[in-house]
Amino acid sequence: MQKTLDHIGEGLSVFDARGRLSARNSRFCGLLGLPSDIPVGMPLREILMRQAVQGAFGDVDPIAETHRRLTQFYREVPTTKERITPSGRILQIRRSAMPDGAVLSIYSDVTEIRAGERKLHEARSQAEAANHSKSEFLANMSHELRTPLNAIIGFTEIISQELFGPIANKKYLEYVKDVHSSSLHLLSIINDVLDMSKIEAGKFELAKQPVALLDVLADVIRIVHERASCRGIELVSQSGDEPVIVWADERAMKQIFLNLLSNAIKFSRDGGKIYVRVSGEHAGYIAIEVEDHGIGMNEEEQQRALQPFGQAKPAITGNYGGTGLGLPITKGLVEAHGGTLSIISNAGEGTMVRVMLSMRAVLVDREPKPGFAISEFG
């Protein structure tokens, strides 16, 4: 049995109810800096005194410290504590009571474990600081870029409409229209980056007001209708007739619908259908669902699609364009309203994105219209 104990990686000691050492292993002696020939039967008081004299408990009065620790030894069980040895190692001590009044102690050297935890904490702190700096940089750069870009968009629009007279060479007019179109596309990307940086930095401010979700959906469908009809894709609204009024940020709600429908159109097959559902009949939740029967995603691709600048199928989605910010921004906007976003998808079978927003009644400045349920995302 003693050979077995000596080959255990942790230190072990057992002191009986009378305060005498009844079992120990060599690891116990090594971790506590005690002689390896400490005999069974040695009093706990003597072992504590040896440690106190060696400075194991710090700069203390050995007699008083020995008495204090001897008094606490049998009282504080079970217990787990840590202390630093004179050599600078971190020792974890776990004590538990045995049925006959004895106390079993397990001693572990956790120096490397604690050092690894500190390094992990420091690395996490550095990563968070770097991410915050990145978000701040993107936000500042986005603002700096949008100012001249808006001027380019304004001037190219004036030129393309020939407000101050016709352009003699029509080729120049085509180039100006291309510049105008490219500028609008670039502004859209910059706005996405700015929104993403605000969401990541926790600085996205919501201007809440009563919002009619079905009206927002109708506006977004009008925006994307031409894009869908060009490919023969039908947008089917399966929402009920009862209006759903929510206390939310209207721009954010419009962005959520626009991103979900744009993605569904982008990855649908020509001639397909996209189903949109808005329902408040989910036991305190509002459900927004956008379903297509396009290329779909497997589980790994779904996780990648929710990462900023991630694309579910880089080799395929490169043909569709986009920065990979649509779903992450949508998820951030939903979570800013206290909701959740989930994806149900299978490769080759299509995708359904479901947004669940919890409802909580709130007081507003004016009375709601009859039949309208005013709620807040909480």
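Some observations on this one:
- Projected over all directions and averaged, the alpha-carbon convex hull of segment 49-205 occupies 18.0 nm².
- Of Gln303, His185, Leu333, farthest towards positive along the dipole that unit charges on Lys, Arg, Asp, Glu beta carbons give the chain: Gln303
- Spatial separation of Cα centroids for segment 1-72 and segment 77-115, in angstrom: 12 Å
- Taking the average, over residues, of other Cβ atoms within 10 Å as the packing measure, peptides 6-14, 189-197, 86-94 rank 189-197, 6-14, 86-94 from highest down.
- Axis angle, to the nearest 10 degrees, between helix 62-73 and the longest C-alpha principal axis of the chain: 70 degrees.
- Residue (of Val278, Thr85, Val244) at the positive-pole extreme of the chain, dipole from beta-carbon charges: Thr85
- Every Cα-Cα pair of the chain was included, and the share exceeding 31 Å stands at 60 percent.
Any read-out appearing in this document is the output of simple, stated calculations on the displayed coordinates, not a laboratory observation. As the structure is a prediction and not an experimental result, all values here were calculated from the model. FYI the Cβ positions are ideal-geometry reconstructions off the backbone, even for glycines, and counts take in every protein chain you see.
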